[in-house]
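Presented below is the structure to which this report refers.
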Amino acid sequence: MKYHFLWGFALATFSIFNLKAQNAPTMLLSKYTFNGDAEKVATINMESAGSTSALTLSGPDASNFKIKDGNILCILDKARKKGKQHYSITISGNIRGEYHTHDFIIARDEFRKNEVIAHRGAWKNTGVPENSLAALNQAIVLGCAGSEFDVQLSADSILYINHDPQIQGITIEKADKAQLQAIKLSNGEHLPTLEEYIKTGMKQNRTKLILELKPSIISKERGLTLAGQVMDMVRRLHAEAWIDYISFDYNICLELRKLDPTARIFYLNGDKDPETLANDALNGFDYHISVLRKNPDWLKQAAALKLETNSWTVNKEEDMDWLLSQKINYITTNEPELLLRKIKQSR
């Protein structure tokens, strides 16, 4: 996948941020993947740039990296040749007079570059339930660039995967772990948690995890709570390299941006033009095809602004053909097999 950052720095120059969000960690990376050609992996972003010279590397895979000029993380030749999927490192240093240690996972960028995002996983033609771990695995095996899934927050603050607010007559936001763990999907799986879903996706580095945060049916504030808890989970699992965020709630998108200046965030609702998204430092849009039919210039405007583009949920061949002809970056579909065949035939 392409990486475009639109909040005042070009990735090639690896400029430093000042992190201002209250719940943001004291240390972030500007990027969590590397390829075999570039020496520089990422900038190490600190709350305070005054102490970057004190940074040190440790952890299981630290010998594969070095810190250059105090704030640039570089990959060494031996790591390029090893072919491991990902590397675990720890970066430590003094920040505002306090010693901090942060763990990171750096993934080799072997993520697929095709346009196909499997909507709720690859389920329709495989016979597995949507949003199940099986649907995710089917999307990975099929060869999709990404697998989309939906996250809800339970009454006792556990993150579960399901599209609708209710499942089997139970409202997720009003139910607790005991109620939700008892639910069985049609293939015998229990209702998956976000932690289980991410851990399953992190076993590979070919298919991205497209994480949709569902707006709360209870309150706007609870939606922001969901954003914080999702971000905390991603950080705890060190899964940044695998995750793109999407939401219909613009405030959730803005909250995610506050919590992580480096996250890849896309808006779903279709009521914001590309310039607005760029001004708010989002990475792009993921709009229903009807929105793009009504606003055909938005795809060109987005490209000019270095925004990435996606469209949902596209299941008709003629719609796929039109979007591909418009050079859209991604297409979210319940028919990933069909879209993959069309792309293969056209190339």
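The values are calculated or read from the model by the stated rules, or taken from the named source; none is laboratory data. The shown structure was predicted, so the numbers you read here are calculated from the model rather than taken from an experiment. Reconstructed Cβ throughout: ideal geometry from the backbone, glycine too, with neighbour counts over all protein chains shown.
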Legend entry - Residue satisfying all of: in region 323-347; assigned to a helix (DSSP H, G or I) and in contact (Cβ under 8 Å) with a residue 24 or more places away in the chain; nearest to Gly146 (Cα to Cα) among these: Pro336
Inset, instruction - Within region 121-135, identify whether any single residue is in contact with a strand residue (DSSP E or B) (Cβ under 6 Å, 6 or more places away or on another chain) and outside any loop (DSSP other than H, G, I, E, B), and answer yes or no. - result: no
Inset, instruction - Quick one: in region 73-84, of everything that is outside any helix (DSSP H, G or I) and surrounded by fewer than 18 Cβ atoms within 10 Å (Cβ to Cβ), which residue is modelled with the lowest pLDDT? - result: Gly83
Legend entry - Candidates Ser53, Ser63, Ser92 - the one that is in a helix (DSSP H, G or I) and at pLDDT 90 or above: Ser63
Inset, instruction - Answer yes or no as to whether Leu136 is within 16 Å of Glu337 (Cα to Cα), modelled with pLDDT of 95 or more and in contact with a Gly (Cβ under 8 Å, 6 or more places away or on another chain). - result: yes
Inset, instruction - State which residue is farthest from the chain's Cα centre (by Cα) when the search covers only region 160-170 and only residues that are in contact (Cβ under 8 Å) with a residue 24 or more places away in the chain and surrounded by fewer than 20 Cβ atoms within 10 Å (Cβ to Cβ). - result: Ile167
Legend entry - Unique match (being free of Cβ contacts under 8 Å to residues at least 12 places away in the same chain and acidic (Asp, Glu)) among Glu195, Glu221, Glu173: Glu221
Legend entry - Test: residue in region 245-253 that is in contact with an Asp or Glu (Cβ under 7 Å, 6 or more places away or on another chain), hydrophobic (A, V, I, L, M, F, W, C) and touching a residue at least 60 places away in the same chain (Cβ under 8 Å): yes
Legend entry - Residue match in region 239-261 (condition: under 17 Å from the mean Cα position of the chain (by Cα), on the phi > 0 side of the Ramachandran plot and buried (at least 20 other Cβ atoms within 10 Å of the Cβ)): no
Legend entry - Pairs, first over 12 Å from Leu282 (Cβ atoms) in region 256-268, second assigned to a strand (DSSP E or B) and of a type outside the set (Lys, Arg), C-beta under 6 Å, six or more apart: Thr262/Leu28
Legend entry - Conditions (1) on the phi > 0 side of the Ramachandran plot; (2) surrounded by 15 or more Cβ atoms within 10 Å (Cβ to Cβ); number of the one not met by Met320: (1)
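Name the one entry in Ala227, Ala178 that is among the hydrophobic types (A, V, I, L, M, F, W, C), closer than 25 Å to Thr332 by Cα and either in contact with a strand residue (DSSP E or B) (Cβ under 8 Å, 6 or more places away or on another chain) or part of a helix (DSSP H, G or I) (or both).
Ala227
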Inset, instruction - State which residue is surrounded by the most Cβ atoms within 10 Å (Cβ to Cβ) when the search covers only region 124-151 and only residues that are touching a residue at least 40 places away in the same chain (Cβ under 8 Å) and hydroxyl-bearing (Ser, Thr, Tyr). - result: Ser147
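May I ask you to list the residues in region 145-175 that are of a type in the set (Ser, Thr, Tyr) and farther than 25 Å from Glu335 by Cβ?
Ser154, Ser157, Tyr160, Thr171
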Legend entry - Selection within region 106-123 - surrounded by fewer than 20 Cβ atoms within 10 Å (Cβ to Cβ) and either touching a Pro at 6+ places or on another chain (Cβ under 9 Å) or over 15 Å from Glu337 (Cβ atoms) (or both): Asp109, Glu110, Phe111, Lys113
Legend entry - Lone qualifier among Leu226, Leu213, Leu268 - being more than 18 Å from His86 (Cβ to Cβ), among the hydrophobic types (A, V, I, L, M, F, W, C) and touching a His at 6+ places or on another chain (Cβ under 9 Å): Leu268
Inset, instruction - Give the residues of region 270-322 that are assigned to a helix (DSSP H, G or I), of a type outside the set (D, E, K, R) and touching a helix residue (DSSP H, G or I) at 6+ places or on another chain (Cβ under 6 Å), sorted by residue number. - result: Pro274, Ile289, Trp298, Gln301, Ala302, Met320
